[in-house]
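The values are calculated or read from the model by the stated rules, or taken from the named source; none is laboratory data. The structure presented is a predicted model; accordingly, all values stated were derived computationally and were not measured. Positions of Cβ are backbone-derived with ideal geometry, glycine not excepted, and every protein chain shown enters the neighbour counts. Just so you know, the surface numbers come from the protein's heavy atoms only, side chains and all, with ligands and any DNA or RNA stripped out. Shrake-Rupley method; radii C 1.70, N 1.55, O 1.52, S 1.80 Å.
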Amino acid sequence: MKYLVFIFFLLSISLRAQKTYTGKILSAKDSTALQGVSIYFDGTSLGTTSNEKGFFKIQNTASNISPLIFRSIGYTTRTVPNISVFEDDNFPIVFLEESIDQLETVVLETDPWTREHKLRVFRREFLGKTEAATKSKIINEEVIKLKYSPSKGELIAFANEPIIIENKYLGYIIEYELMDFTVKYSTGSSGLQLVDFTFYEGSSFFKELKKKTKRRFLKHREEAFKGSLLQFMRALANKKLAEHNFRIFHERFEVPPYKYFDIQPKEDFTLIKMLTEELSILYENQQSAIIYKNPFYIDEFGNFTPTRAFSISGFMGQSRIANLLPLNYGL
């Protein structure tokens, strides 16, 4: 069974209507202004860069729990969950530390897999196996570090700089900062290794592949949204599962959509508790399952936190980075 979880962070602030956030970015080493720093809301296409004096301005149009990311080559990426400090014209200062390349962990056992084999697994489990995945490409695979542990039966990956994905199906360039990636294997009855689950998390920023978005990109994005985890989370938070064609099943029987969901609006967020361990989700002919662990929050974007509060399997779990849409899609 394959699980897929995305990481985002919870903000304890209230964002209403459109707000402008401003600040200044300096080097922690000598306090000089840093130009060209990428600033973006995690998981969205909302971003900007700092000017020659280190100043930046960015707007957000909805309440969300995505942190503000500051990233520049040669510096350690900084994540700021509490973005209220950047409201209006306060110009708070963000200091970026020069980065030190992550050292590879010493592994005492021999890794029997070739790099090409590990890359094939990474591409499949990271991008997915959909039509979108066949038209997506990782531009800088050389930055990806891969290790397979025979004793643990797992493949892990990390990167010291963002992974760049060119998606010619949805029309995006995605800059993905990989924080964790694990493929866990189990041995089947035939003795073959089978993927037990896949987990990855990180921050992402979306850019348009073309200056003018092509019609086929818009069509494919609409198709990717239908039945996606993003659509499900938005529908669940707004109690519109039926309106969005989601049907809920418990122990193989269809049940009223909210029988096993405790949905509590909390100002700009919605608190979700499940009253059972597992539910099946049917969207048209696409089946998924949600395996519950702890309560979680959903924001106006459809973003959720904490990421390890549940696992997703089936159709939603198998829709990977190649089918991922920005959190602000359709808003």
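In what sequence, highest mean first, do 175-181, 211-217 appear when ranked by Cβ atoms within 10 angstrom?
Going from most to least packed, we get 175-181, 211-217.
Return the distance in nm (one decimal) between the two label points of a simple spin-label model at Lys210 and His117, each offset 7 Å from Cα along Cα→Cβ.
Distance between the two pseudo-spin positions: 4.1 nm.
Give a residue-ordered list of calculated ³J(HN,Hα) values for segment 134-145 (Karplus: 6.51 cos²θ - 1.76 cosθ + 1.60, θ = phi - 60°; whole Hz; x for Gly, Pro).
Each residue's phi maps through the Karplus curve to give 5, 10, 10, 9, 7, 6, 10, 4, 5, 7, 8, 9 Hz.
Relative contact order for the chain: what is it in percent, counting Cα pairs under 8 Å that are at least 6 residues apart? Numbers along the way, then the final one.
Numbers: 726 pairs, mean separation 67.3, N = 331.
Computed over the chain, the figure is 20 percent.
Could you work out how much longer the chain between Ile164 and Thr48 gets when fully extended? Use 0.36 nm per residue separation minus the Cα distance between them, nm to one decimal. Walk me through the intermediate numbers first.
On the way: separation 116, 0.36 × 116 = 41.76 nm, distance 1.75 nm.
Full extension of this stretch gives 40.0 nm more.
Find which of Thr213, Ser27, Thr76 sits farthest along the positive direction of the dipole of the chain, computed with +1 on the beta-carbon of Lys and Arg, -1 on that of Asp and Glu, about the Cα centre.
Farthest towards the positive pole: Thr213.
What residues have an amide H closer than 5 Å to that of Phe296, excluding those fewer than 5 places away on the same chain, when H is modeled at 1.01 Å from N in the peptide plane?
Ile272
Between Gly153 and residues 5 or more places away or on another chain, which pairs have amide H atoms under 5 Å apart, with H built 1.01 Å from N, and which residues are they?
Residues meeting the amide H criterion: none.
With all pairs of different alpha carbon atoms counted, what Kirkwood hydrodynamic radius in Å does segment 226-331 show?
On the way: mean 1/r = 0.0722 Å⁻¹.
Radius from the Kirkwood sum: 13.9 Å.
Per residue, what accessible area does segment 210-270 have, given a 1.4 Å probe and all protein chains present, in Å²? Mind showing how you got there, number by number?
On the way: 4010 Å² over 61 residues.
Solvent-accessible surface per residue comes out at 66 Å².
Once you place label points 7 Å from the Cα toward the Cβ at Thr76 and Thr130, how far apart are they in nm?
According to this spin-label approximation, the distance is 3.6 nm.
Please list, ordered by chain and number, the residues whose modelled amide H lies under 5 Å from the amide H of Gly202; skip anything fewer than 5 residues away on the same chain.
The list, which skips near neighbours in sequence, is Ile7, Met179.
Between Gln264 and Glu243, what is the FRET efficiency for a Förster distance of 22 Å, r being their Cβ-Cβ separation, to the nearest 0.05?
Working: r = 20 Å, r/R0 = 0.92.
Efficiency, rounded to the nearest 0.05: 0.65.
When the helix-only estimate is applied to the chain (DSSP H runs of n ≥ 4, each -39,500 (n - 2.57), divided by the residue count), what is the mean residue ellipticity at 222 nm, nearest 500 deg cm²/dmol?
Details: 5 runs with 41 residues, N = 331.
Per the formula, -3500 deg cm²/dmol.
Nothing charged except the Cβ atoms of Lys and Arg (+1) and of Asp and Glu (-1): what's the magnitude of the dipole of the chain about its Cα centre? Round to the nearest 20 debye. Let's see the in-between values first.
On the way: 43 positive and 39 negative charges, 239 e Å.
Rounded to the nearest 20 debye, it is 1140 debye.
Output ³J(HN,Hα) for segment 30-36: one whole-Hz value per residue in order, computed from phi by the Karplus curve 6.51 cos²θ - 1.76 cosθ + 1.60 with θ = phi - 60°, and x for Gly and Pro.
Working through the residues one at a time gives 9, 6, 7, 5, 10, 9, x Hz.
State, in angstrom, two size descriptors of segment 257-312 derived from its alpha carbons: Rg to one decimal place and Dmax to the nearest whole number.
Radius of gyration, then largest Cα-Cα span, for segment 257-312: 11.6, 35 Å.
Which order do peptides 320-326, 35-41, 70-76 fall in by mean Cβ count within 10 Å, highest first?
Values: 320-326: 24.0, 35-41: 20.4, 70-76: 16.6.
Top of the packing list down: 320-326, 35-41, 70-76.
Between Phe55 and Asp196, what is the label-point separation in nm under the 7 Å Cα-to-beta-carbon projection?
Roughly 5.5 nm, to one decimal.
Let me make sure I get this right: for the chain, a, b and c are the square roots of the gyration tensor eigenvalues over alpha carbons, sorted descending. Under 1.5 in a/c it's rounded, otherwise prolate if a/b > b/c, else oblate. Which is it?
Working: a/c = 1.69, a/b = 1.13, b/c = 1.49.
Since a/c reaches 1.5 but b/c is at least a/b, the shape of the chain is classed as oblate.
Residue by residue through segment 207-221, what is 3J(HN,Hα) from phi via Karplus (6.51 cos²θ - 1.76 cosθ + 1.60, θ = phi - 60°)? Round to whole Hz and write x for glycine and proline.
For segment 207-221, the Karplus curve yields 10, 5, 5, 10, 4, 10, 5, 6, 4, 5, 5, 4, 5, 5, 5 Hz.
Could you tell me the relative contact order of segment 156-275? Use alpha-carbon pairs under 8 Å, at least six residues apart, and round to a whole percent.
Working: 152 pairs, mean separation 19.6, N = 120.
It comes to 16 percent, rounded to a whole number.
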